[in-house]
């Protein structure tokens with residue numbers, strides 16, 4: 001059975017229709033196979049990380065914590081400060097180039113296997129199937145009049161969904177406020193209003209999007225879906241129905257020679273439509289609704305196996321391969337085309353540069369703010385003194401003794417003690433006097449502050465400033 | 001104060017806003033249904049010979065989001081003052097009222113702390129690290145522009161970390177200086193003394209702090225100093241805190257040491273002003289600031 005692509009609500013008088021589409025509920029049928037297994041692998045991989053990592057400890061604190069209130073972002077051994085925003089930029093660039101690369105290679109891989117919308121829909125569907133049964137049973141249940149059994153099934157499903165959604169919201173907020181503290185606060189019903197709001201908000205988003213909205217999110221809300229197709233070309237592997245092999249489709253008896261009666265390999269069983277989470281018919285060709293989940297490939301392969309036909313009536317293939325009837329080897333050879341190579345090269349270069357800068361990152365920062373109004377003053381012995389405020393940030397989790405030096409003018413020095421003690425992960429403003437001996441040339445001189453951690457080779461930062469003599 | 005000179009524009013914009021919102025609702029309602037498209041899957045429009053447009057209608061729930069924005073707009077205009085200056089909104093909110101509310105909240109939060117600090121003597125307050133931390137913040141905001149962030153001063157702006165005080169370094173004197181400000185005036189003596197006279201006085205002044213000076217000029221300058229300068233700076237040049245006259249016998253020079261700078265001071269005079277802060281800071285804040293400044297040159301508890 002096939003579903004009509006869309007239905008517009010009929011409105012009187014005759015000839016007029018609603019200009020809005022009425023949503024038709026989709027009941028995706030369960031499917032197993034190579035690609036479904038891949039999707040489940042990714043569901044497990046991403047969700048074990050998401051639900052699990054929040055509970056890991058590191059150095060006596062939460063291993064991954066984005067502490068917005070204190071503007072410190074912990075990622076295992078690394079502590080990022082707002083000044084490290086460049087790494088967020090790098091992460092976004094890496095994500096963008098990964099998207100370009102994977103989309104050019106094989107279309108909407110992200111959508112089909114790893115997008116949270118897909119992952120949570122998959123989890124919610126699994127729960128739905130456990131409680132209400134598979135496609136046919138669910139359709140039957142929806143048509144049934146209200147009964148105790150129906151309320152029990154439906155209510156039970158929503159309860160489990162809400163529980164999972166709340167746990168998801170709780171975990172999400174647990175990345176921004178320490179999750180163990182949040183758990184005990186929730187147990188004592190004393191969580192702050194904002195924490196409670198965001199848990200509720202994220203839970204509602206999960207429940208609404210994965211339980212109710214599903215394909216509507218991909219079809220109408222996701223901008224990603226629309227611009228991904230701009231990255232396709234004729235050598236991009238997409239989920240394709242081999243029309244030359246399948247058509248003309250039709251039911252047939254196993255005993256007959258279907259080729260003799262002029263039929264193709266497609267038995268028109270409709271499995272590919274029934275398993276589709278967006279309710280499309282892949283046999284109509286590439287459509288914008290297709291999220292590339294490959295459920296139809298798994299479904300069709302099962303049928304082909306049963307019929308004793310070769311697998312791959314629906315498969316990952318390219319437009320070129322279809323047009324020119326290329327072999328698999330010929331098709332894969334076209335993976336190494338300039339577009340893919342350039343994307344891959346840029347991605348590798350940025351990833352390499354990012355890894356190198358992370359490795360060489362000095363967990364010490366300094367900003368020099370010169371006193372602006374008090375320009376220069378004369379102190380004992382006719383020496384000229386300038387005053388600076390140094391914002392020193394120790395972004396590591398170790399307390400350090402720092403030594404400050406200044407260079408750039410003959411005889412320039414910092415009077416008195418120039419060792420600064422910095423507690424772990426602290427920012428501190430230090431007022432520093434800098435002197436030059438009498439007789440310095442009036443004017444503005446370039447100088448440089450050097451901050452070194454005592455007993456550590458690599459830990460050194462330099463910052464430019466000016467010294468004014470008048 | 002409104003930028004518009006006539007109340008007409010106020011009403012005009014209010015009506016325009018209300019009509020626009022209503023028009024949006026009417027437009028949305030009137031565009032809900034229409035003739036069925038000719039072909040099922042396309043809008044029937046064709047461009048550039050073969051470019052046709054797929055008919056991908058919005059889902060019905062999307063329309064309700066549009067209506068929701070209209071409801072939001074209407075509710076917002078009822079709650080907040082968005083329809084001309086005569087409608088104050090049900091919530092009575094304004095920027096000024098919000099500022100007042102937040103100021104009040106801050107006063108409630110920090111008031112008790114300031115009260116506690118205000119009740120303490122300056123010398124006791126200077127022993128309280130929390131008060132000194134507040135004092136330093138106040139200093140950096142209100143004083144550091146002239147006196148530098150280490151309070152070490154600059155040319156023309158006194159150093160507050162030493163024991164040399166123009167107007168006195170006792171807590172009461174410091175508090176009076178911050179509250180009422182000070183005007184330090186040294187009149188110009190150039191026209192009276194002449195170039196040579198100024199030079200002689202300058203050499204005498206240099207000798208007071210043990211600097212190298214021409215001995216003939218020193219002895220000539222001494223007489224002029226006694227008749228002209230001693231009135232304010234004292235017979236021994238030790239200064240007078242009642243007048244803000246600096247001590248000339250130490251090595252601290254507000255306007256620069258050396259013959260050239262001292263001669264310039266004598267010839268042209270100096271006018272220095274410390275602004276009054278009584279209108280800028282509350283008495284409690286001035287009290288804490290006094291404790292901070294006093295602590296810079298005194299060790300509390302001694």
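Just so you know, all these numbers are worked out from the coordinates, no wet-lab data involved. Everything numeric here is computed off the predicted structure, so don't read it as measured data. We place every Cβ from the backbone using ideal geometry, glycine too, and count neighbours over all the protein chains shown.
General observations
- Chain A, helix-only ellipticity at 222 nm - DSSP H runs n ≥ 4, -39,500 (n - 2.57), divided by all residues, nearest 500: -12000 deg cm²/dmol
- Relative contact order [Cα under 8 Å, 6+ residues apart], chain A, whole percent: 14
- Shape of the stretch A:199-268, Cα gyration tensor, a/c cut at 1.5: oblate
- Averaging the Cα positions of each part gives two centres, and for the stretch A:99-145 and the stretch A:19-43 these lie 3 Å apart.
- Centre-to-centre, using Cα atoms only, the stretch A:394-470 and the stretch B:23-95 are separated by 61 Å.
- GNM flexibility winner over chain B from B:157, B:72, B:225 (Cα, springs under 10 Å): B:72
- Contour excess over end-to-end distance, with Cα ends at residue A:194 and residue A:351 and 0.36 nm allotted per residue: 52.9 nm
- Cα centroid separation - the stretch B:130-195 against the stretch A:227-295, whole Å: 87
- The GNM of chain B, with springs linking C-alpha atoms under 10 angstrom apart, assigns the highest mean-square fluctuation among B:149, B:30, B:207 to B:30.
- Shielding by partners for peptide B:150-156, expressed as the average number of C-beta atoms from other protein chains within 10 Å of each residue's C-beta, is 6.
- Three-way shape label, the stretch A:71-208, alpha-carbon gyration tensor, a/c 1.5: oblate
- Counting Cα-Cα pairs of the protein assembly as shown in 20 Å increments starting at 0 gives whole-percent bin shares of 11, 28, 27, 20, 11, 3, 0.
- With the alpha-carbon atoms of the stretch B:184-274 aligned to their principal axes, the span from lowest to highest coordinate is 37, 27, 23 Å, starting with the largest.
- Point-to-point label distance, residue B:30-residue A:327, nm (Cα→Cβ direction, 7 Å offset): 6.6
- Tilt relative to chain A, helix A:193-206 - C-alpha long axis, 0 to 90 degrees, to 10: 30
- Helix A:338-360 and the longest principal axis of the C-alpha atoms of chain A enclose an angle of approximately 40°.
- GNM flexibility winner over chain B from B:154, B:263, B:20 (Cα, springs under 10 Å): B:20
- Based on DSSP H segments of at least four residues, each scored -39500 (n - 2.57), chain B has a per-residue ellipticity at 222 nm of -16500 deg cm²/dmol.
- Shape category assigned to the stretch A:233-326 from the gyration tensor of Cα positions, a/c cut at 1.5: oblate
- Tilt relative to chain A, helix A:116-132 - C-alpha long axis, 0 to 90 degrees, to 10: 40
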